[in-house]
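Student: Would you mind keeping the following structure in view while I ask a few things?
The values are calculated or read from the model by the stated rules, or taken from the named source; none is laboratory data. The shown structure was predicted, so the numbers you read here are calculated from the model rather than taken from an experiment. Ideal geometry is used to build each Cβ from the backbone, glycine not excepted, and the neighbour counts take in all protein chains shown. Remember, those area values only see protein heavy atoms, side chains included, never the ligands or the DNA or RNA. Shrake-Rupley method; radii C 1.70, N 1.55, O 1.52, S 1.80 Å.
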Amino acid sequence: MKRLVASIALAAVAATSATAQTRSRENETDVSKQRAAVEAWTACIANERTDEVREVLALDFRSDEYRNKMKALAKARVSSECFNAMPRSYRKIELGGLPFAGGLAEQVIEMDDEPLLQRLSMAALAGDVPTYSRTDAIAQCMARGAPHLVAILFDTEINSGEEIEALAELQPVSAACTRGAALEASPFGMRSMLATASYRLLVAANEEGKEV
């Protein structure tokens, strides 16, 4: 009887483990689809509303102005050509929050012809740039401290092995910026934080250059 009970218990554990693994794979697939959808949407919006995107990303993200303008961008209509080029499942994605802002930031960062490594390396020398949260300050510290690694990250495809490797290279930098354990964040979250912080750092450095 004890053996039977043990066998049933082991079978239950195995079934639970298998269910958990299946759910984990499904969650990973959902996140991958969400990231791909955000990338497709932000490419359309950033290309067609570039000035609006640049203006919003430079604002304090704690402000009502930022929230209102970001909501407006999330609901913005895009050209039928760009919209129809998306897979149907992407068209239903609900946009908003840091992932949306991060996607927009990456899109406009990539619009400059000058290599990002060069731009970030110069921006790292800029004076004080306001940060609006602890994670924002950490992300800016990382962009200043390792612009070459951040540039490498932005050059990787989302949901790729290269992206995971680039993020792993940034872990010691994150730990140094937190003065302790590295900041725990998903690839989606970390890349978004670094993108928004890097964008504002680049804007600040550009403004400083104009004043000289």
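Student: Which number in (1) of a type in the set (D, E, K, R); (2) touching a Leu at 6+ places or on another chain (Cβ under 7 Å); (3) within 21 Å of residue 175 (Cβ to Cβ) marks the one condition that residue 134 misses?
Tutor: So residue 134 meets the others, but not (2).
Student: Which of the numbered conditions does residue 153 fail, given that it passes all the others? Conditions: (1) over 21 Å from residue 69 (Cβ atoms); (2) out of contact with any Lys or Arg (no Cβ under 8 Å at 6 or more places or on another chain).
Tutor: Going through (1) over 21 Å from residue 69 (Cβ atoms); (2) out of contact with any Lys or Arg (no Cβ under 8 Å at 6 or more places or on another chain) one by one, residue 153 breaks only (2).
Student: For region 195-209, which residues satisfy the criterion of being of a type in the set (Gly, Ala, Ser) and surrounded by fewer than 24 Cβ atoms within 10 Å (Cβ to Cβ)?
Tutor: Hits for region 195-209 are 204, 205, 209.
Student: So which residues in region 174-189 are closer than 9 Å to residue 139 by Cα and open to solvent by 10 Å² or more (accessible area, probe 1.4 Å), if there are any at all?
Tutor: If the condition is that a residue be closer than 9 Å to residue 139 by Cα and open to solvent by 10 Å² or more (accessible area, probe 1.4 Å), then 177 is the only one that fits.
Student: While we're here: Return the pair list, or none, for Cβ contacts closer than 8 Å from residues in region 92-120 that are over 21 Å from residue 185 (Cα atoms) to residues that are open to solvent by 70 Å² or more (accessible area, probe 1.4 Å) and assigned to a loop (DSSP other than H, G, I, E, B), at least 6 apart or on different chains.
Tutor: 116/110; 116/155; 119/112
Student: To continue, here is another question. Filter region 70-92 down to the residues that are modelled with pLDDT of 90 or more and of a type in the set (S, T, N, Q) and list them by number.
Tutor: If the condition is that a residue be modelled with pLDDT of 90 or more and of a type in the set (S, T, N, Q), then 79, 80, 84 are the ones that fit.
Student: Take residue 192 and tell me if it is at pLDDT below 95 and either within 13 Å of the chain's Cα centre (by Cα) or open to solvent by less than 20 Å² (accessible area, probe 1.4 Å) (or both).
Tutor: no
Student: Can you tell me which residue among 78, 56 is touching a helix residue (DSSP H, G or I) at 6+ places or on another chain (Cβ under 7 Å) and within 20 Å of residue 194 (Cα to Cα)? Steps first, please.
Tutor: Values: 78 fails: within 20 Å of residue 194 (Cα to Cα).
Criteria check complete, one pass: 56.
Quick grid of which residues meet (1) touching a residue at least 40 places away in the same chain (Cβ under 8 Å); (2) open to solvent by less than 60 Å² (accessible area, probe 1.4 Å):
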site	(1), (2)
39	yes, no
47	yes, no
51	no, no
59	no, yes
64	no, no
68	no, no
73	no, yes
76	no, yes
86	yes, yes
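Student: Now a separate question. Can you spot a residue in region 147-159 that is of a type in the set (Phe, Trp, Tyr), touching a Phe, Trp or Tyr at 6+ places or on another chain (Cβ under 9 Å) and touching a residue at least 40 places away in the same chain (Cβ under 8 Å)?
Tutor: no
Per-residue answers, yes or no, for (1) more than 17 Å from the chain's Cα centre (by Cα); (2) part of a helix (DSSP H, G or I); (3) more than 15 Å from residue 204 (Cα to Cα); (4) not aliphatic (A, V, I, L, M):
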| residue | (1), (2), (3), (4) |
| --- | --- |
| 62 | yes, no, yes, yes |
| 102 | no, yes, yes, yes |
| 119 | yes, yes, no, yes |
| 131 | no, no, no, yes |
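Student: Against the condition out of contact with any Pro (no Cβ under 8 Å at 6 or more places or on another chain) and either in contact (Cβ under 8 Å) with a residue 60 or more places away in the chain or in a helix (DSSP H, G or I) (or both), how does residue 204 come out, does it pass? Reasoning before the result, please.
Tutor: Values: out of contact with any Pro (no Cβ under 8 Å at 6 or more places or on another chain): yes; either in contact (Cβ under 8 Å) with a residue 60 or more places away in the chain or in a helix (DSSP H, G or I) (or both): yes.
Against the criterion (out of contact with any Pro (no Cβ under 8 Å at 6 or more places or on another chain) and either in contact (Cβ under 8 Å) with a residue 60 or more places away in the chain or in a helix (DSSP H, G or I) (or both)), residue 204 qualifies.
Residue-by-condition table, conditions (1) surrounded by 16 or more Cβ atoms within 10 Å (Cβ to Cβ); (2) among the hydroxyl-bearing types (Ser, Thr, Tyr); (3) within 23 Å of residue 45 (Cβ to Cβ):
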{"position": "100", "(1), (2), (3)": "yes, no, yes"}
{"position": "109", "(1), (2), (3)": "yes, no, yes"}
{"position": "115", "(1), (2), (3)": "no, no, no"}
{"position": "124", "(1), (2), (3)": "yes, no, no"}
{"position": "128", "(1), (2), (3)": "no, no, no"}
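Student: If only one of 95, 149, 104 is open to solvent by 20 Å² or more (accessible area, probe 1.4 Å), hydrophobic (A, V, I, L, M, F, W, C) and modelled with pLDDT of 95 or more, which one is it? If you could, list the steps in order and put the result at the bottom.
Tutor: Values: 95 fails: modelled with pLDDT of 95 or more; 104 fails: open to solvent by 20 Å² or more (accessible area, probe 1.4 Å).
When all the criteria are applied, what remains is 149.
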